[in-house]
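The values are calculated or read from the model by the stated rules, or taken from the named source; none is laboratory data. These numbers were taken from a predicted model, which means no experiment stands behind them. Glycine also receives a Cβ, built like all others from the backbone with ideal geometry; neighbour counts cover every protein chain displayed. Heads up: the accessible areas ignore ligands, DNA and RNA and are worked out on the full protein's heavy atoms, side chains in. Shrake-Rupley method; radii C 1.70, N 1.55, O 1.52, S 1.80 Å.
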Amino acid sequence: MLPLVPALSSAPWYAIQVAHRAEAVVATALRNKGYPEFLPLYRSRRVWSDRIVELDLPLFPGYVFCRFHPHDRRVPIVTTPGVRRIVSFGGAPIPVDEAEIAAVQAILASGLPAAPCPYLAAGRRVRIRHGALQGVEGIVVESKTRHRLVVSVHLLQRSVSVEIDSAWLAPAGPPPLRTRVPNAITKHP
């Protein structure tokens, strides 16, 4: 495995679309090439005919995140086995918002059970005041008995939800400025 290139630690994150069920293989290959990669996983309980198993599955199926400079390091990324393409618009890779990646990383580091959920573009924006997710912003989804914080990666039109205590919530300021994501990006189920 190559050491991480120091200049890449400040490079933007990009979403890389990968072949079906190739997320772990691509993440390992990118890491072995020296690229900082991020493959967010969640634990899922599945019932099989003879037993119950717990699996680690990708929060964003079909995608891996990677830090690189697109003007000089695109070829080693796209030639990695299992990589389909770098998420782009008009031929130019679009970086993922750093705050969105940081929020997903904070959710995973908190140890709270997270899971994929439908993408939400509107709702009440909140900031977590206490606990392991302090400072994370997202959209709150309420049900009769519980609250869930939804953090979205707008570029992929995908979201992650985590159950939270309503006492942790505070209204957030205006949403951060970001580049408008074109509608040309294909949604995947």
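Nearest 10 degrees, 0 to 90: what angle lies between the long axis of helix 23-32 and the longest principal axis of the chain (Cα atoms)?
50 degrees
Taking the Cα centre of segment 1-102 as origin, work out the dipole magnitude from +1 charges on Lys and Arg Cβ and -1 charges on Asp and Glu Cβ, in debye rounded to 20. Intermediate results must be reported in sequence, preceding the final value.
Numbers: 12 positive and 9 negative charges, 60 e Å.
With Lys and Arg at +1 and Asp and Glu at -1, about 300 debye.
How do 28, 80 stack up against each other in accessible area, from largest to smallest, with a 1.4 angstrom probe? Intermediate values should be presented prior to the final figure.
Working: 28 55, 80 5 Å².
I get 28, 80, largest accessible area first.
Take the Cβ-Cβ distance between residue 79 and residue 99 as r, set R0 to 30 Å, and report the resulting FRET efficiency rounded to the nearest 0.05.
Values: r = 30 Å, r/R0 = 1.01.
The value I calculate is 0.50.
May I ask for the angle, rounded to the nearest 10°, between helix 98-110 and the longest principal axis of the chain, with both axes built from Cα atoms and the value confined to 0 to 90°?
60 degrees
Over the chain, with a single point scatterer placed on each C-alpha, what log10 of the ratio I(q)/I(0) does the Debye formula yield at q = 0.18 1/Å?
-1.27
Express the relative contact order of the chain as a whole percentage, based on alpha carbon pairs under 8 Å and six or more residues apart in sequence. The partial results should precede the final answer.
Details: 343 pairs, mean separation 36.4, N = 189.
Relative contact order, the chain: 19 percent.
Work out the length of the dipole vector of the chain about its Cα centre, built from +1 on the beta-carbon of each Lys and Arg and -1 on the beta-carbon of each Asp and Glu, and round it to the nearest 20 debye.
So the magnitude is around 300 debye.
Residue 115 versus residue 41, label points 7 Å from Cα toward the beta carbon: distance in nm?
Taking the two extended label points, one gets 1.9 nm.
Based on the inverse mean of 1/r over its pairs of different Cα atoms, what is the Kirkwood hydrodynamic radius of segment 53-118, in Å?
On the way: mean 1/r = 0.0703 Å⁻¹.
This gives a value of 14.2 Å.
Whole number in Å², please: accessible area per residue of the chain, 1.4 Å probe, ligands, DNA and RNA not counted.
Heavy-atom accessible area per residue stands at 56 Å².
Within the chain, what's the longest stretch lacking trypsin sites (Lys or Arg not before Pro) that sit in DSSP loops with no more than 13 other Cβ atoms inside 10 Å?
Values: sites that count: 21, 51, 129, 144, 146, 178, 180, 187.
In short, 52-128.
Identify the chymotrypsin sites (Phe, Trp or Tyr not before Pro) of segment 1-73 meeting these criteria: DSSP loop state and at most 14 other C-beta atoms within 10 Å of the C-beta. Walk me through the intermediate numbers first.
Numbers: sites: 13, 14, 38, 42, 48, 63, 65, 68; in loops: 48, 68.
Sparse-neighbourhood loop chymotrypsin sites (Phe, Trp or Tyr not before Pro): 48.
Taking the Cβ-Cβ separation of residue 53 and residue 146 as r and a Förster radius of 22 Å, what is the calculated FRET efficiency to the nearest 0.05?
Numbers: r = 26 Å, r/R0 = 1.18.
Efficiency at R0 = 22 Å is approximately 0.25.
At what distance in nm do the modelled label points of residue 89 and residue 25 sit from each other, each positioned 7 Å from its Cα along Cα→Cβ?
My value for the distance between the label points is 3.1 nm.
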